[in-house]
1. Considering only residues that are under 26 Å from Arg159 (Cα atoms) and without any contact (Cβ under 8 Å) to a residue 24 or more places away in the chain, which ones fall in the stretch 239-254?
2. Quick one: which residue in Asp247, Asp257, Asp252 is within 15 Å of Leu287 (Cα to Cα) and surrounded by 15 or more Cβ atoms within 10 Å (Cβ to Cβ)?
3. Filter the stretch 267-288 down to the residues that are in a helix (DSSP H, G or I), under 22 Å from Ala215 (Cα atoms) and not β-branched (Val, Ile, Thr) and list them by number.
4. Applying the selection to the stretch 207-217, what residues are out of contact with any helix residue (DSSP H, G or I) (no Cβ under 6 Å at 6 or more places or on another chain), outside any helix (DSSP H, G or I) and hydrophobic (A, V, I, L, M, F, W, C)?
5. Condition test on Arg232, is it in contact (Cβ under 8 Å) with a residue 24 or more places away in the chain and in a strand (DSSP E or B)?
6. Using beta carbons and a limit of 9 Å, which pairs, at least six apart or on different chains, have the first residue in the stretch 272-288 and within 24 Å of Ala163 (Cβ to Cβ) and touching a residue at least 40 places away in the same chain (Cβ under 8 Å) and the second one surrounded by fewer than 19 Cβ atoms within 10 Å (Cβ to Cβ) and polar (S, T, N, Q)?
7. Given the residues Val113, Val123, which is the only one that is modelled with pLDDT of 95 or more, surrounded by 14 or more Cβ atoms within 10 Å (Cβ to Cβ) and at negative phi?
8. What is the one condition in (1) assigned to a helix (DSSP H, G or I); (2) farther than 21 Å from Ser279 by Cβ; (3) of a type outside the set (Asp, Glu); (4) in contact (Cβ under 8 Å) with a residue 24 or more places away in the chain that Ala220 does not satisfy?
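The values are calculated or read from the model by the stated rules, or taken from the named source; none is laboratory data. Just so we're clear, the structure is a prediction, and the values are computed from it rather than from any experiment. Heads up, the Cβs are rebuilt from the backbone with ideal geometry, glycines too, and the neighbour counts pull from every protein chain shown.
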Amino acid sequence: MPHSRLASPGATAEVLRAHGIHTRKALGQHFLVDDNIVGRILALADLGGDEPVLEIGPGIGTLTVALCEAAGAVVAVERDDRLLPVLDDTTAGCDRLTVVHDDAVTVPVADLVTPLGPPVALVANLPYAVAATVVLRFFEELPQLRFAVVMVQAEVAARMAAAPGGKDYGAYTVKLHLRARPAGRFGVPPGCFMPPPRVGSAVLRLERVEHPAPAGEVDAAARMAEAAFAQRRKTLRNSVRSALGVDGARLDEVLADSGIEGGRRAETLSVQEFLRLGSSARRHGLLP
């Protein structure tokens, strides 16, 4: 039995043709047509059957119909109004599905509800243009969210999963890893989509940090990461000083207090070191 009856080129083309739908490049629409990938997404999500799940960009419902079988309830956010009647058709048997017509970047989190409560998992083939923004946003604004399994561009997945020291490690990585850490990943070739994207894709599992720092400490660490990476070719001291417009002597006190050498580059600092740096900056009045 297929995981999704829609996950094939023929089934997808038939649905699009029946509804007179053409893909919109501006919305990053690439429909998944490989049922094996749907199965691997479900395996990585490892749903127990009773969780409320959030999906972003359900499209014609390819992953949605599989999630309706695997999860306790699904709330799906779709921006393209042309696809709403398509979803009504393809998910007609999904009585545990709620579709919200909105933009995932701005939709109020209070609208993301199911009969089982707010979602505890995000499982989605994300619109590529907003994928990084959306993942970080929901880990920030949905405290109940325990994990995410998301399809994104391969280069975005590299940023999400990067370790200190590499070119993919940056302020975004630090801000995400303050809240969630990578816990599984696999690649997806362009031929698994219709139309095929020009870039490779990857599915990544992210799990919320079990013992996060207090909100103020996380915010301070994120602010210091943004400042440190603002001019990543410069030393940590010079980049932070320039980005925050602070006095060099005060910054030296912060660096000494945190035990971090100002001559290092931002990409060499771990998430824990950014937490120490943010905490020191707050103690010395450099940040609120």
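1. Initially, the stretch 239-254 is screened for residues under 26 Å from Arg159 (Cα atoms), giving 239-244.
Of everything in the stretch 239-254, those that are under 26 Å from Arg159 (Cα atoms) and without any contact (Cβ under 8 Å) to a residue 24 or more places away in the chain turn out to be Val240, Arg241, Ser242, Ala243.
2. Values: Asp247 fails: surrounded by 15 or more Cβ atoms within 10 Å (Cβ to Cβ); Asp252 fails: surrounded by 15 or more Cβ atoms within 10 Å (Cβ to Cβ).
Residue meeting the stated conditions: Asp257.
3. Going through the stretch 267-288, the residues in a helix (DSSP H, G or I) turn out to be 267-268, 271-283.
Right, trim to under 22 Å from Ala215 (Cα atoms) and you get 271-283.
Across the stretch 267-288, the qualifying residues are Gln272, Glu273, Phe274, Leu275, Arg276, Leu277, Gly278, Ser279, Ser280, Ala281, Arg282, Arg283.
4. Going residue by residue through the stretch 207-217, those that are out of contact with any helix residue (DSSP H, G or I) (no Cβ under 6 Å at 6 or more places or on another chain) are 207-212, 214-216.
Now narrow it down to the ones that are outside any helix (DSSP H, G or I): 207-212, 214.
Answer for the stretch 207-217, where residues must be out of contact with any helix residue (DSSP H, G or I) (no Cβ under 6 Å at 6 or more places or on another chain), outside any helix (DSSP H, G or I) and hydrophobic (A, V, I, L, M, F, W, C): just Val209.
5. Values: in contact (Cβ under 8 Å) with a residue 24 or more places away in the chain: yes; in a strand (DSSP E or B): no.
No, not satisfied.
6. So the pair list comes out empty.
7. The unique qualifying residue is Val123.
8. Going through the list (1) assigned to a helix (DSSP H, G or I); (2) farther than 21 Å from Ser279 by Cβ; (3) of a type outside the set (Asp, Glu); (4) in contact (Cβ under 8 Å) with a residue 24 or more places away in the chain, Ala220 breaks only (2).
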